[in-house]
1. Just to be sure I understand, how many residues within segment 6-59 are β-branched (Val, Ile, Thr) and over 17 Å from ALA131 (Cα atoms)?
2. Do you know which of the residues in segment 5-16 that are assigned to a helix (DSSP H, G or I) and in contact with a helix residue (DSSP H, G or I) (Cβ under 6 Å, 6 or more places away or on another chain) is farthest from THR70 (Cα to Cα)?
3. Could we say that LYS75 is charged (D, E, K, R), open to solvent by 70 Å² or more (accessible area, probe 1.4 Å) and part of a helix (DSSP H, G or I) here?
4. Consider GLY52 carefully, then state whether it is out of contact with any Phe, Trp or Tyr (no Cβ under 8 Å at 6 or more places or on another chain) and loosely packed, with under 14 Cβ neighbours inside 10 Å.
5. State all residues of segment 24-54 that are within 11 Å of TYR7 (Cα to Cα) and either among the acidic types (Asp, Glu) or in a helix (DSSP H, G or I) (or both); if no residue qualifies, say none.
6. Would you mention how many residues in segment 1-33 are at pLDDT 90 or above and either under 11 Å from HIS59 (Cβ atoms) or among the polar types (S, T, N, Q) (or both)?
7. Going by what's in this entry, would TYR57 be described as in a loop (DSSP other than H, G, I, E, B) and at pLDDT below 95?
8. Six or more apart or on different chains, Cβ atoms under 7 Å: show the pairs whose first residue is in segment 2-15 and closer than 22 Å to THR43 by Cβ and whose second is open to solvent by 60 Å² or more (accessible area, probe 1.4 Å) and part of a helix (DSSP H, G or I).
Amino acid sequence: MPAPFPYDHFVYFFPQYQPSADGLKYSPEYVTGFGNRAAMWLTNYDNVFLKGERRIYAHCLLTAHVIYLTEQQEKEAASGGAGGTGAMAVGPVTSASVGGVSVSMQTPQSSGDGPFEWWLNKSPYGQEFLALIRTRGPAVAFVGSHHPVLPLR
């Protein structure tokens, strides 16, 4: 059974996600829902790479990452999204122009870091999570493939 979401730790580490004055934005239920969603990417058990306080912090980082991406997607949809379609733009900007408004985004690569790492690099919280797990023991493991697999499972 997964550990309960560490809400108190989360609001300590990320005070910007404490409940708003009216209690509607970032309510404990809202944040915990994202925390439970973020837990899908973590093992249910401590392991050599993520254990104790480090695992709690990693869970909080992933939760902040998912909240951040959700808010970015909502902002893009509200403003008409990528090219006015309402779709969320993905990847880093590779080119841009002002007159005539043209933007090109880098798409996920099938080699290199892989799609999970690409997804993590879309927020500062995901980047910190990636740095945290890469500094603990072997950076990656290769499981029957030439694509790296993070030691999360």
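1. Counting residues in segment 6-59 that are β-branched (Val, Ile, Thr) and over 17 Å from ALA131 (Cα atoms) gives 4.
2. Going through the qualifying residues, I end up with HIS9.
3. Values: charged (D, E, K, R): yes; open to solvent by 70 Å² or more (accessible area, probe 1.4 Å): yes; part of a helix (DSSP H, G or I): yes.
Yes: the conditions hold for LYS75.
4. Criteria met by GLY52.
5. PRO28, GLU29, TYR30, VAL31, THR32, GLY33, PHE34, GLY35, ASN36
6. 10
7. Taking the combined requirement at face value, the residue does not satisfy it.
8. Listed by first residue and then by second, the contacts come to PHE5/ASN36.
The values are calculated or read from the model by the stated rules, or taken from the named source; none is laboratory data. Only a predicted model underlies this, so the values are computations on that prediction, with no experimental measurement involved. When we count neighbours, we look across all protein chains shown, and the Cβ atoms used for this are built from the backbone with ideal geometry, even at glycine. Accessible surface is based on the protein model in full, side chains and every heavy atom, while ligands, DNA and RNA are left aside. Shrake-Rupley method; radii C 1.70, N 1.55, O 1.52, S 1.80 Å.
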